[in-house]
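Visitor: Structure in structure tokens, see below.
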Amino acid sequence: MTELRQRAVREPDSPPEDKESESEAKVDGETASDSESRAEPAPPPTSVDDTPEVLNRALSNLSSRWKNWWVRGILSLAMIAFFFIIIYLGPMVLMMIVMCVQIKCFHEIITIGYNVYHSYDLPWFRTLSWYFLLCVNYFFYGETVTDYFFTLVQREEPLRILSKYHRFISFTLYLTGFCMFVLSLVKKHYRLQFYMLSPKKTWEGFIGGFFATVVFGLLLSYVMSGYRCFVCPVEYNNDTNSFTVDCEPSDLFRLQEYNIPGVIQSVIGWKTVRMYPFQIHSIALSTFASLIGPFGGFFASGFKRAFKIKDFANTIPGHGGIMDRFDCQYLMATFVNVYIASFIRGPNPSKLIQQFLTLRPDQQLHIFNTLKSHLTDKGILTATTEDE
């Protein structure tokens with residue numbers, strides 16, 4: 001009995017290899033029992049008679065084949081008649097019906113997907129799916145409303161603001177959903193992902209990197225704003241037959257004096273500070289790069305862990321592939337483009353003139369008369385006797 005007890009103490013219930021394999025299975029968010037249950041073949045789908053009760057009663061004397069033909073024919077004629085009624089009611093009703101059809105189709109697809117992914121206990125699946133549909137509709141319908149109802153949009157102040165920053169708002173909505181997706185993915189299926197990335201170092205680098213990036217962005221933007229090669233666009237010079245980078249810097253890259261808030265004045269003792277306006281924008285860019293940009297890396301890390309690979313490729317020795325080095329840059333590059341288009345870049349008069357010259361003479365004359373009438377109403381031009 002003593003020997004048996006000693007053997008029981010010395011020999012564990014399961015070898016270390018089994019425990020390691022079990023932990024690896026838990027890391028991937030799937031156990032052996034889960035995989036066996038998912039390997040079971042799904043039961044064959046059952047057919048449900050969804051024919052309206054009125055048609056069932058009217059076609060009860062027919063065989064199932066002829067009954068099916070009559071049902072399909074009657075409903076096809078009804079849909080054709082309904083389509084012509086929609087066309088008759090006008091474009092606004094048509095747009096609403098198209099939206100309803102889109103939502104219903106999406107609901108059917110999401111229902112199928114939810115039945116499949118529900119076994120994996122994926123969080124926020126339906127919520128994120130509907131959220132991304134909302135983001136897509138907001139972007140495309142917003143562009144359509146701005147293009148076709150420009151006069152109405154410019155008349156109302158809230159609509160004018162939404163139209164001006166439409167792309168930035170759309171990008172922000174999409175980015176919020178993307179971050180929610182990454183957080184739900186890491187939280188549920190890759191709980192050990194951050195621990196394998198050394199969470200203590202990650203949080204220290206995450207917080208410290210934020211302040212370092214903002215300070216470095218302020219200093220670097222101050223230095224680069226003073227050189228024309230960084231602030232002027234590349235243009236082709238016909239005289240020298242070469243590309244040149246020379247221009248008169250815009251107000252964005254000219255030193256201006258700003259008043260410092262009173263709370264900060266009592267600390268540093270300065271009342272004003274001279275800085276480039278672009279440095280203020282650099283704070284927003286640096287904040288996004290340090291706080292939101294890493295989510296691209298989190299997503300790439302979860303993607304690699306899902307396929308059980310360490311790197312995307314071995315293009316750069318010691319670093320992996322190009323994607324491993326630029327996983328955060330895709331979000332950052334998109335944000336910079338949207339931010340510049342929304343808050344920095346304004347209408348370009350030279351491009352407007354180029355587009356104006358490509359129009360037909362009657363179109364040019366129409367724009368000229370419209371612009372002249374607008375400037376006259378503003379009081380910039382005086383009405384002549386011929387106009388009256």
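The values are calculated or read from the model by the stated rules, or taken from the named source; none is laboratory data. These numbers come from a predicted model, not from an experiment. Neighbour counts run over all protein chains shown; Cβ positions are idealised from the backbone, glycine included. Each accessible area value is taken on the protein alone, full model and side chains, heavy atoms only, with ligands, DNA and RNA left out. Shrake-Rupley method; radii C 1.70, N 1.55, O 1.52, S 1.80 Å.
Visitor: Let me cross-check residue 211: its accessible surface, 1.4 Å probe, with only protein heavy atoms counted, in Å² to the nearest 10?
Guide: Counting only protein heavy atoms, residue 211 exposes about 130 Å² to solvent.
Visitor: In percent, how large is the relative contact order of the stretch 196-346, given Cα pairs closer than 8 Å and 6 or more residues apart?
Guide: 19 percent.
Visitor: Are there trypsin sites (Lys or Arg not before Pro) in the stretch 225-306 that DSSP marks as loop and that have at most 12 other Cβ atoms within 10 Å, and which are they?
Guide: Loop-located and lightly packed - 271.
Visitor: Here's something else I'd like to know. In the full protein assembly as shown, how much of residue 105 is accessible to a 1.4 Å probe, in Å² to the nearest 10?
Guide: Only protein atoms counted, so the area is about 70 Å².
Visitor: Grab the Cα-Cα distance for residue 250 and residue 101, subtract it from 0.36 nm times how many residues apart they are, and report the gain in nm with one decimal.
Guide: Taking 0.36 nm per residue and subtracting the Cα distance, the gain is 48.8 nm.
Visitor: Here is a further query. Restricting to Cα pairs below 8 Å that are 6+ residues apart, what does the relative contact order work out to for the stretch 124-185? Please round to a whole percent.
Guide: Values: 25 pairs, mean separation 30.5, N = 62.
Relative contact order of the stretch 124-185: 49 percent.
Visitor: To the nearest 10 square angstrom, how much accessible area does residue 70 have with a 1.4 angstrom probe?
Guide: Counting only protein heavy atoms, the figure is 130 Å².
Visitor: Counting alpha carbon pairs within less than 8 Å and at least 6 residues apart, what relative contact order, in whole percent, applies to the stretch 257-380?
Guide: Dividing the mean separation by the residue count of the stretch 257-380 yields 15 percent.
Visitor: Calculate, for residue 259 and residue 137, the FRET efficiency according to 1/(1 + (r/R0)^6) with r their C-beta to C-beta distance and R0 45 Å; round to the nearest 0.05.
Guide: 0.55
Visitor: Taking 0.36 nm per intervening residue step and subtracting the Cα-Cα distance, what contour gain separates residue 239 from residue 359 on full extension?
Guide: 40.4 nm
Visitor: Beyond 29 Å between alpha-carbons counts as too far, so tell me which of 164/271; 104/310; 164/378; 351/378; 67/104 fall in that bin. Intermediate values should be presented prior to the final figure.
Guide: Details: 164/271 34 Å; 104/310 41 Å; 164/378 22 Å; 351/378 24 Å; 67/104 27 Å.
Beyond 29 Å between Cα atoms: 164/271; 104/310.
Visitor: What FRET efficiency do you get for residue 291 and residue 345 if R0 is 30 Å and r is their Cβ-Cβ distance, rounded to the nearest 0.05? Each step should come with its number before you reach the end.
Guide: On the way: r = 24 Å, r/R0 = 0.79.
So, using R0 = 30 Å, E works out to roughly 0.80.
Visitor: Which residues in the stretch 327-346 have a backbone N closer than 12 Å to a point placed 7 Å from the Cα of residue 280 along the Cα-to-Cβ line?
Guide: 344
Visitor: In whole percent, how big is the carbon plus sulfur part of the accessible area of the stretch 196-346, probe 1.4 Å, protein atoms only?
Guide: 64
Visitor: Report the gain in length on full extension from residue 167 to residue 216: 0.36 nm times residue separation, minus Cα-Cα distance, nm rounded to one decimal.
Guide: 14.9 nm
Visitor: A follow-up question, please. Please report the orientation-averaged projected area of the stretch 325-378, defined via the convex hull of its C-alpha atoms, in nm².
Guide: Hull-based average projected area comes out at 6.0 nm².
Visitor: Each residue of the stretch 205-221 in order: what ³J(HN,Hα) in whole Hz does its phi give by Karplus 6.51 cos²θ - 1.76 cosθ + 1.60, θ = phi - 60°, with x for Gly and Pro?
Guide: Values, residue by residue: x, 5, 6, x, x, 4, 5, 5, 5, 5, 5, 5, x, 4, 5, 5, 5 Hz.
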